[in-house]
Every structure is written in C-alpha cells, then in structure tokens.
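*Asks:* One structure is given below, represented as structure tokens, and several questions about it will come after.
The values are calculated or read from the model by the stated rules, or taken from the named source; none is laboratory data. Computed from a predicted model, the values in this text were never measured in an experiment. No Cβ is skipped: glycine too gets one built from the backbone with ideal geometry, and neighbour counts run over all protein chains shown.
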Amino acid sequence: MAKTKYTKYKMKLDKGFVGACGGEIIHQMLMDQGVDVMFGFPGGALIPLFDVLYDSPIKLVITRHEQGAIHMAEGYARATGKTGVAIATSGPGATNLVTGLANAYLDSTPIVAITGQVRSNLIGNDAFQEADMTGISRPITKHNFLVGSVDDLGRIFAEAFHIASTGRPGPVLIDVPVDITVNKLARAADLTMRIPGYKPSLSGHIRQIQSAAKVINASARPLLYVGGGVIHSEATAELRAVQEKGQLPATTTLMGLGALDESNPLALQMVGMHGSATANYATQECDCLIAVGARFDDRVTGNLDTFAPDATVVHIDIDPTSISKVVKADVPVVGDAKGILAQMVEFIEPTDRTEWLEKIADWKKRYPLGYEPGGKYIKPQSVVEKLGELTDHDAIIATGVGQHQMWTAQFYGFRKPRQIITSGGLGTMGFGVPSAIGAQFACPDATVIDIDGDGSFSMTMGEIVTAVHHELPVKFIVMDNEYLGMVRQWQEMFFDKRYSGTVHPCPDFVKVVEGFGAKGIRVEDPAKLTDALKELLDYNDGPAVLIVAVDPEENVYPMVPAGKSLHEMELGRLA
Amino acid sequence: MKHVITALVQNQPGVLAHISGMFAARGFNIDSLVVGRTEDSELSRMTIVVVGDDTVLEQVRKQLGKVIPVVKVRDFTNTENVQRDLLLIRVHAPSEKRPAVVDLVNLFRGRVADVARSSVVVELTGTEDKIEAFIDLVRPYGIRELARTGVIAMQRGGRK
C-alpha cells in the first residue's frame with residue numbers, strides 16, 4: 001500500500017485500527033490507497049462519515065447530483081488509470097449511482113463507490129431511504145459488499161480497491177450501514193484479503209503467444225483490432241513495437257481511440273457502425289484479425305454472420321469471458337496485453353505486405369472521412385477538426401453520446417492514450433459534462449474539453465456549477481442542432497423522417513451558464529468559428545461554454561445500418 | 001445437452017443470488033441448482049445442471065469463474081463420475097394398491113418414509129434417469145406431491 005502523508009490530518013491510526021470508529025477506518029483506508037479526491041453528495045446515512053472527512057486532506061467534491069459524482073469519478077479514473085471514488089447516501093443517493101456503475105462496468109473503469117445504508121438492524125424493513133444496493137448493483141458491478149461488522153471494514157476496503165483496479169478493471173460498490181461508521185473497533189483488524197476465487201490471469205501462455213505470432217507471420221492481410229484494454233493495460237508502446245515490426249495495419253474501437261497515433265500511416269481510425277470506410281473494408285478483407293483488448297461489440301461487428309469472413313481470429317484479452325463469447329477465437333491468449341505484446345514482438349517476423357498496405361492506402365485515398373463543407377451553417381465536423389488543429393491534437397476530450405460523439409471520434413485525430421473519455425459500452429447521455437470535470441480534477445494543468453450535444457449537455461449541465469465552485473478551467477463545446485440528432489438521423493433514414501420525440505427545443509444556454517457563473521459564448525456564423533474556439537481555449541478563469549449552432553440535419557457517415565455487414569455501409573456524401 | 005457443473009463458493013450472503021442472477025441475466029438455462037455445505041465451513045458447493053451446447057457451456061464455466069466468491073469451477077462432462085438426485089414422492093396408495101407400490105419401491109431400492117391411510121411417502125436416491133423411471137412407473141397410481149433435490153455429483157476414483 002502507498003505511503004501517505006499526514007500533513008493536515010490530525011490523527012494517525014493504530015496499525016490494527018483499535019479504538020477507531022468505522023468512519024475513521026474508511027478514511028484511513030482511502031488515504032492508504034492514495035485517494036486524493038472523491039466525488040459525492042451527503043445524506044442522513046453518511047453524516048458520521050462526513051464528520052470524519054471534515055478534517056481530511058482528501059478533497060471532497062460535492063456535486064449537484066450523485067450521477068454527476070460517479071461520472072466525475074469515472075472521468076478521473078479514465079484520465080489517470082487510478083481508481084475513482086464516488087460516495088452517496090442510502091436510498092435515492094445510492095440509486096442515483098446506478099447509471100454510473102453500469103457505465104463503468106461496460107467500459108471497465110476502476111471505481112470504488114461507497115454508499116451509506118440504513119442502520120444494520122433496520123435493513124430489510126423498508127426503512128426511510130433504504131434500498132437494497134447490493135441487490136440492485138450486482139449485475140452492474142465487478143463485485144459488491146454489504147459491510148456486516150466494523151471488524152470487516154478495513155479488509156473489505158482493501159479487497160474493493162484490489163478488485164476494482166486489477167485484472168479487467170471495473171466498479172466495486174461498498175454498502176456501509178450507518179451504525180458501522182460509528183461503531184468502534186475493539187480488537188485489531190485483520191486486513192488480509194480473503195478472495196481466493198479472484199486470480200486474474202496476467203501473463204499469457206507462451207505457447208499461445210507463439211501460435212499467435214505464427215498465424216500473424218503467415219498472413220498476407222493481417223489487421224490489428226485494438227480496444228480499450230490496450231489503454232487500461234498501458235500497452236501502447238508494446239503495441240506500436242509489434243505493429244512496426246510486422247508492418248501491421250491497425251484499427252481501433254471507440255474505447256481504443258488514442259492507443260494508436262492516428263497520424264501514423266498504419267492507423268486506419270475507428271472501425272464499426274460509424275467507423276472509417278478503410279477500417280471497415282479492411283476488416284472484411286483481412287485474413288487474420290488480431291483483437292487486442294476488444295470484445296467484438298455489436299456496434300463493431302455489424303452482421304456477425306458476414307463479419308471478417310476470411311479471418312483467422314487471434315484474440316488477446318485479460319477477461320476469459322470475452323474470448324469466444326461473440327466471435328470464435330482460433331488462437332485465444334488470456335492475459336494482460338502489455339506483457340503479451342512485449343513477448344510477442346520477439347516472434348513477429350518482418351514481412352513484406354506491400355500489396356495489402358497499398359490496398360489500404362488506396363481505400364484511405366478514395367474514402368477519407370469527410371463532409372461537405374460550405375453552406376450557411378457551421379458543419380459540426382468542422383468544429384471538431386478545427387479544435388484538433390488548435391489544440392495540437394493534445395487535449396483531453398470528453399463527450400456525451402450521440403452524433404457529436406461520433407464526429408469527435410472521427411475528426412479530432414487522437415494521438416495518445418487516455419485522451420478520449422467517452423461512454424462506449426453503455427452509451428450514457430450526459431456523461432460528458434461531469435466526466436470532463438472529473439478529468440480536470442485529475443489533470444489540473446491539462447486542457448480538458450467536453451464536446452457535447454444539446455441533448456446530452458442538457459442532462460447534466462447543472463454540474464457546471466461544481467466546476468465554477470472549484471474554479472476549474474474546463475471547456476465545453478455544445479453542438480446545438482435542437483434535435484436529438486442520432487435518433488433523428490435514424491428516423492430520417494429508416495422511419496420516413498417522422499421525428500417522433502427528437503425535436504429538442506433548447507434554452508438560451510449562454511444565459512443559463514452565465515447564471516451558473518461560467519463564461520458563455522455562442523457562434524452561428526461559419527466565418528467566426530475559429531475565433532470563437534480561440535476565445536474558448538484562451539479563457540482560463542473558470543469554466544467556459546461555447547454554444548455552436550450547427551447544421552441541424554447533418555448526418556454521421558459512414559454508417560452501417562443495424563444488422564447489415566460492415567462493407568454494406570452507407571457512405572453518405574462520400575459515395 | 002445437459003451438463004453437470006460444480007462451483008465451490010465462499011459462504012457469504014448474496015452469493016446464491018449473485019450466481020442465479022448471472023444465469024438469468026445471461027440467458028443460461030438451468031435445470032437444477034443445489035447448494036450445500038462442504039467439509040470446509042467457509043465454502044459451499046453448488047451443483048448446477050445446465051442445458052446448452054459446448055459454446056454455451058464454455059461461457060457458463062467462464063462466467064461462473066468470473067464471479068468473485070467462486071473459488072473453483074468443475075465441469076463433469078466426459079468424466080467418470082457419480083451423480084445422485086434425491087426424490088420424495090407422495091403416491092396415492094390405499095391398502096389394496098399399497099403392496100404393488102411397495103414392490104416398486106423395493107425394486108428401485110427406495111424406502112417408504114411415511115405411511116398414511118391412503119398414501120405413502122417414498123424416498124429414493126439415484127441418477128436422474130433412475131428417478132424419472134420410478135416416477136413414470138408410479139404415475140398410474142396417482143402422484144399427490146413430489147419434491148426433488150436436484151443432482152449433486154462427485155468424480156470417481158482418487159481426488160484429482
């Protein structure tokens with residue numbers, strides 16, 4: 001466990017916590033884990049614990065809503081790789097964490113969520129603000145605990161942080177009855193973890209690694225398919241080495257963005273429903289698909305029956321359940337991508353694949369990601385493209401969910417891991433505002449920008465108040481088309497333009513955010529876009545919001561219609 | 001196809017709900033699920049009969065292994081093993097039919113656990129096939145009530 005500093009904190013606990021109350025034990029465990037900031041909201045069941053936190057050097061960020069708290073914790077975790085901590089009271093406070101837990105579970109984000117619970121002797125009685133959180137969160141957490149005694153508290157916190165951050169990371173919930181935060185520990189606590197069933201396999205089997213290399217060496221048209229696992233594993237350099245040695249072209253999932261420098265000629269950008277045409281064609285024509293830390297999500301594969309029909313599949317993943325769950329792996333390698341790729345590079349032979357690489361280069365030339373410029377409206381894609389240039393492709397970018405998210409994935413030009421913080425698996429609208437704030441807490445000196453849509457932004461914009469309170473220079477760009485654009489696009493394409501429920505009248509966002517205490521800017525004229533973006537980027541006295549009125553009926557292309565094969569994508573205006 | 005899988009789990013509150021919930025959420029089809037104590041007071045054994053092909057079974061095994069309190073998963077497919085199911089069945093057996101019912105019980109090496117004026121409660125252990133054969137044979141007499149534990153299993157020979 002990490003050494004801690006007790007600069008401000010007055011108490012140093014006895015090794016075995018004897019005489020300490022539950023709240024103090026929790027606090028000490030958080031300190032020992034190196035937690036420097038946590039996000040939450042108080043409530044009845046948390047009062048004794050918050051009393052302990054009053055004197056703590058840990059920064060306690062109080063949000064406007066518990067969902068904001070857990071998304072901030074996720075943003076913090078995604079930007080750093082450290083475990084994010086969220087805290088909410090029993091009942092409604094705890095249930096407000098549910099979306100964030102499910103989001104962190106699908107995106108493998110290390111989170112420890114602490115929830116207050118009613119007094120132990122009231123559990124099961126439908127007490128005031130009681131909800132069965134271990135029951136509710138079971139399918140959306142990696143693990144959860146209901147603390148039964150103050151004796152177990154230290155051990156459970158040790159186990160929770162260990163489980164959340166190792167193997168395939170994920171959220172862990174600890175439900176703490178309020179009496180346990182008050183009770184004092186009478187005899188020394190045993191912090192030895194008791195999780196004999198938790199043994200994530202980290203090192204890959206050498207023979208599997210060799211077979212994988214053999215299959216790759218023998219292939220004429222290999223393709224790396226890189227997911228978020230590479231980011232979690234911090235395996236970017238190892239991946240690059242394998243890629244360069246074997247001259248292997250590579251595509252990423254949404255979660256894998258940043259694992260490849262997109263300016264590299266071997267990078268084909270994102271694959272899948274809104275992936276680049278090059279990535280999708282390459283997937284369909286490759287003879288060897290090497291999945292690394294990716295899980296063949298339906299938004300990636302399209303129609304499974306025709307997905308990558310000629311490919312021998314190599315699948316490297318730390319989670320054995322991901323392997324052969326959707327697509328049968330011919331060569332499975334279970335373990336941590338970093339170590340596996342480091343070993344694999346030895347066995348990769350430099351191979352001449354000029355023909356394949358030329359074909360890819362040709363696709364890239366013929367079907368670049370693009371859009372039709374001009375017209376009286378600002379094109380949303382141009383906003384992202386311009387932002388990429390102005391920030392040197394180096395900012396931390398959070399997003400909401402929808403069209404703006406896909407344009408961000410397509411046009412920013414990501415260069416390095418942990419640069420994009422987006423809700424990939426669950427597709428949680430409203431993720432952008434709080435996750436950007438969380439990332440800014442984690443990286444105070446970085447430029448953090450939430451690229452959002454008017455729909456997603458509306459859901460959680462209240463958290464800007466939190467950013468104002470903490471004087472964070474987070475930046476928000478809202479692509480305002482007064483539609484719920486992604487669903488509207490489907491309605492336009494597949495439902496006769498019957499825009500049911502997707503017309504989305506917006507308030508005067510500038511006034512709203514000014515009311516919050518943030519800077520508000522609005523731009524409608526394409527000629528003024530660059531200046532508006534510069535004004536946003538130059539403002540560092542607190543949060544700033546740029547509302548961009550964009551072309552209201554712009555669509556995201558390419559698009560693989562649901563159930564179609566990757567090569568049957570609609571290219572839109574590129575075709 | 002039916003497969004017998006056992007999972008050694010830590011004795012903690014919620015572990016049964018966790019596993020049954022996982023099965024339900026992932027759409028796995030359970031034929032029976034038995035939980036009982038083991039020689040180790042901190043561990044219980046779950047024996048689960050799952051219906052599905054090899055791909056489903058592989059996922060079942062892996063998903064079980066992923067549940068944190070699950071310490072060990074064992075698949076009994078293609079192994080030499082002993083499987084037992086326990087049946088309690090109340091059969092309509094007025095005095096004139098009772099000897100015939102008791103005969104069947106004896107043939108199956110079962111036991112009459114309770115006798116009432118017009119019925120008997122029979123206890124019988126064996127493989128699922130044997131239990132089902134017995135149920136079929138007593139059905140004409142009239143089954144008043146039936147309860148089964150579901151299968152538990154253990155490998156034959158020395159412990160591996």
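*Asks:* Scan segment B:112-140 residue by residue and report those that are touching a helix residue (DSSP H, G or I) at 6+ places or on another chain (Cβ under 7 Å) and within 16 Å of B:S95 (Cα to Cα).
*Replies:* B:V112, B:V120, B:V122, B:V138, listed by residue number.
*Asks:* Would you pick out the residues in segment A:75-97 that are within 29 Å of A:A446 (Cα to Cα) and of a type in the set (A, V, I, L, M, F, W, C)?
*Replies:* Listed by number, the residues that qualify are A:A77, A:A79, A:V85, A:A86, A:I87, A:A88, A:L97.
*Asks:* While we're here: Here is a list of conditions, (1) within 17 Å of the chain's Cα centre (by Cα); (2) within 9 Å of chain A (Cβ to nearest Cβ), and B:L33 meets all of them except one; can you say which number that is?
*Replies:* For B:L33, the exception is condition (2).
*Asks:* Also: Read through the list (1) under 30 Å from A:I136 (Cα atoms); (2) in contact with a strand residue (DSSP E or B) (Cβ under 9 Å, 6 or more places away or on another chain); (3) surrounded by 18 or more Cβ atoms within 10 Å (Cβ to Cβ), then give the number of the only condition that B:Q63 fails.
*Replies:* Result: B:Q63 fails condition (2) only.
*Asks:* Still on this structure, I have one more. Name every residue in segment A:319-339 that is more than 14 Å from chain B (Cβ to nearest Cβ), in contact with a helix residue (DSSP H, G or I) (Cβ under 6 Å, 6 or more places away or on another chain) and assigned to a helix (DSSP H, G or I), in order of residue number.
*Replies:* Once the filter is applied, which keeps residues that are more than 14 Å from chain B (Cβ to nearest Cβ), in contact with a helix residue (DSSP H, G or I) (Cβ under 6 Å, 6 or more places away or on another chain) and assigned to a helix (DSSP H, G or I), segment A:319-339 yields A:A337, A:K338.
*Asks:* Across segment B:8-22, which residue is surrounded by the most Cβ atoms within 10 Å (Cβ to Cβ) among those that are within 9 Å of chain A (Cβ to nearest Cβ) and touching a strand residue (DSSP E or B) at 6+ places or on another chain (Cβ under 6 Å)?
*Replies:* This residue is B:V9.
*Asks:* While we're here: What residue, of A:L202, A:L224, A:L173, is surrounded by 24 or more Cβ atoms within 10 Å (Cβ to Cβ) and either free of Cβ contacts under 8 Å to residues at least 12 places away in the same chain or within 27 Å of A:G258 (Cα to Cα) (or both)?
*Replies:* A:L224
*Asks:* Let me confirm something: among A:G258, A:G293, A:G228, which residue is in contact with a Ser or Thr (Cβ under 7 Å, 6 or more places away or on another chain), over 24 Å from A:P350 (Cα atoms) and not assigned by TED's automatic domain parsing to the domain that holds A:S423?
*Replies:* Criteria check complete, one pass: A:G228.
*Asks:* Show me the strands (runs of 3 or more DSSP E) found entirely inside segment A:455-559 where at least 1 residues are within 26 Å of the chain's Cα centre (by Cα).
*Replies:* Answer list for segment A:455-559: A:475-480, A:544-549.
*Asks:* Now, a different point. Quick check: is even one residue across segment A:363-378 modelled with pLDDT of 95 or more and either buried (at least 22 other Cβ atoms within 10 Å of the Cβ) or touching a Leu at 6+ places or on another chain (Cβ under 6 Å) (or both)?
*Replies:* yes
*Asks:* Continuing with this model, one more query. Return the residues of segment A:101-131 that are under 18 Å from A:H232 (Cβ atoms) and in contact with a strand residue (DSSP E or B) (Cβ under 8 Å, 6 or more places away or on another chain); say none if nothing qualifies.
*Replies:* Listed by number, the residues that qualify are A:L101, A:A104, A:Y105, A:T109, A:P110, A:I111, A:V112.
*Asks:* Please find, within segment A:404-442, the residue that is surrounded by the most Cβ atoms within 10 Å (Cβ to Cβ) out of those that are within 11 Å of the chain's Cα centre (by Cα), assigned to a loop (DSSP other than H, G, I, E, B) and of a type outside the set (S, T, Y).
*Replies:* A:F431
*Asks:* If B:Q59 satisfies every condition in (1) at the interface with chain A (Cβ under 9 Å from one of its Cβ atoms); (2) touching a residue at least 24 places away in the same chain (Cβ under 8 Å); (3) touching a Pro at 6+ places or on another chain (Cβ under 9 Å) but one, which is the exception?
*Replies:* (3) is the only condition that B:Q59 fails.
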